[in-house]
Amino acid sequence: MITLYTFGACFGLPDASPFVHKAMALLKIAQLPFTTQVVSPKNLGKAPKGKLPYIEDDGEIIADSSFIRWHIEKKYGYDFDKALSSYERGIAWALEKMLEDNAYWILVQTRWMDDANFANGPAHFFDALPWPVRNMVRSAVRKKVRSNLYGQGLGRYSPSELLAIATRDISAVSVILGDKPYLFGNEPCGADATALAFMEGLLCPHFESPVRRCAESHPNVVAYVERMKNRYFSEV
Ligand SMILES: N[C@@H](CCC(=O)N[C@@H](CS)C(=O)NCC(=O)O)C(=O)O
C-alpha cells in the first residue's frame, strides 16, 4: 500500500499544497489505492527534500510530485500520457512547469503576503503551538516565505505586474483546454493532475485576490475544475 505524506485538507482543498494535491490526483487517475499521513510542519525536516509530497511504497521513499508520477509509470506500468502525441507531451510538460514554477509563486504571494489572506489562511498553520512561541514562529516562517519569494524573483514585483503574469498563465491553460473535457481530449493525462491542483488553488474561494477573479473569468477553466473534482475528489 502506498502512503502519501501530506499537510492535510485545508481551506476547502484536499491539501494546502498544490503539489500534494497533484500527487493525490495522479494516484487517483492511475486508480492506485493509497493512504495519507499528515506531517506536522515541525517534522518537515524528516521529509527527504524537506518538502512535501513524498510517498512510501513498499519501503521505497519517493519525493517530489514529478518523481512520484514517474514511479507510478515505471512500477505500475501506467502511462498517464498514452493518448498524447509527442508534440502534446511537450506542451503538457511546459504547461505543468509554467504552473509549478511560475503560477505557484503567485499563489504563495497571494496567500502569504496579503495581510487579510494570511490572517485568514496560513496564519492558522501555527494555531496548535503554545502561545508564547506561536507568534514568533508565525512571523519567522512568514519572513522565510517572503525571502523565498524575493529569491525566486516574483516577490520583487508589484501587484499589477504579478496580475499581468498570472493572467498569461491562466489564459494559457484556458486556451490549451478549449472546449475539451480535459487538457488534451476526452480523458485526463498527467498534466491534468497539475492543472487541477493549481487552478483549484487559484480559484479557492477562501482567498480574495484579483488573480482569483481572473481565473473565475474563464468559464471553461471553472467548469474543468468542477469536472475533475467531481470525478476524483467527490469525497472532499
Ligand atoms: N518540486 C516539488 C515542490 C514541492 C514543494 O514546493 N512543496 C512545498 C509545499 S507547496 C513544501 O513542502 N514546502 C516546505 C518548505 O519549503 O519548507 C514537487 O513537485 O513536489
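If contacts are Cα pairs under 8 angstrom and at least 6 residues apart, what is the relative contact order of the chain in percent?
Details: 273 pairs, mean separation 55.3, N = 236.
Dividing the mean separation by the residue count of the chain yields 23 percent.
Can you give the FRET efficiency for TYR78 and MET1, using 1/(1 + (r/R0)^6), R0 = 25 Å, r = Cβ-Cβ distance, to the nearest 0.05? Don't skip to the end; give the middle numbers.
Numbers: r = 17 Å, r/R0 = 0.66.
Here the calculated transfer efficiency is 0.90.
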Self-check item: Set of lysines near LYS28 by C-alpha distance (under 17 Å), chain-local residues within fewer than 8 positions excluded
Solution: LYS74, LYS75, LYS82, LYS229
Practice problem: Name the shape class, rounded, prolate or oblate, that the alpha-carbon gyration tensor gives for the range 2-76, where a ≥ b ≥ c are the square roots of its eigenvalues, rounded holds for a/c under 1.5, and otherwise prolate holds if a/b is larger than b/c and oblate otherwise. | Solution: oblate
Quiz item: Taking only DSSP H segments of four or more residues, each worth -39500 (n - 2.57), what value at 222 nm results for the chain once the sum is divided by all its residues, to the nearest 500 deg cm²/dmol?
Solution: -17500 deg cm²/dmol
Exercise. Could you calculate the contour length gain from MET113 to VAL38, that is, 0.36 nm times the residue separation minus the distance between their Cα atoms, to one decimal place in nm?
Key: 24.5 nm
Self-check item: Modelled label reach - ASP58, point 7 Å along Cα→Cβ, the range 1-27 residues with backbone N closer than 13 Å
Solution: 1-2
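Out of all DSSP beta bridges in the chain, what portion is antiparallel? Express it as a percent rounded to 5.
Numbers: 10 of 15 bridges.
That works out to approximately 65 percent antiparallel.
Find the relative contact order for the range 1-118 and round it to a whole percent, using C-alpha pairs within less than 8 Å whose residues are 6+ positions apart.
On the way: 119 pairs, mean separation 26.3, N = 118.
Relative contact order comes out at 22 percent.
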Self-check item: Label-point separation in nm, HIS206 to LYS229, each point 7 Å along Cα→Cβ
Solution: 1.3
Quiz item: Rounded, prolate or oblate: which fits the chain when a ≥ b ≥ c are the square roots of the eigenvalues of the alpha-carbon gyration tensor, with rounded for a/c under 1.5 and prolate only if a/b beats b/c?
Solution: oblate
Exercise. Take the Cα of TRP70, step 7 Å along the line toward its Cβ, and report every residue of the range 87-126 whose backbone nitrogen sits under 18 Å from that point.
Key: 89-98, 100-101
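The numbers here are math on the coordinates, done by the rules we state, and not lab data. Because the structure is predicted, anything quoted here is derived from the model rather than measured. All Cβ positions, even for glycine, are placed from backbone atoms using ideal geometry, and neighbour counts span all protein chains on display.
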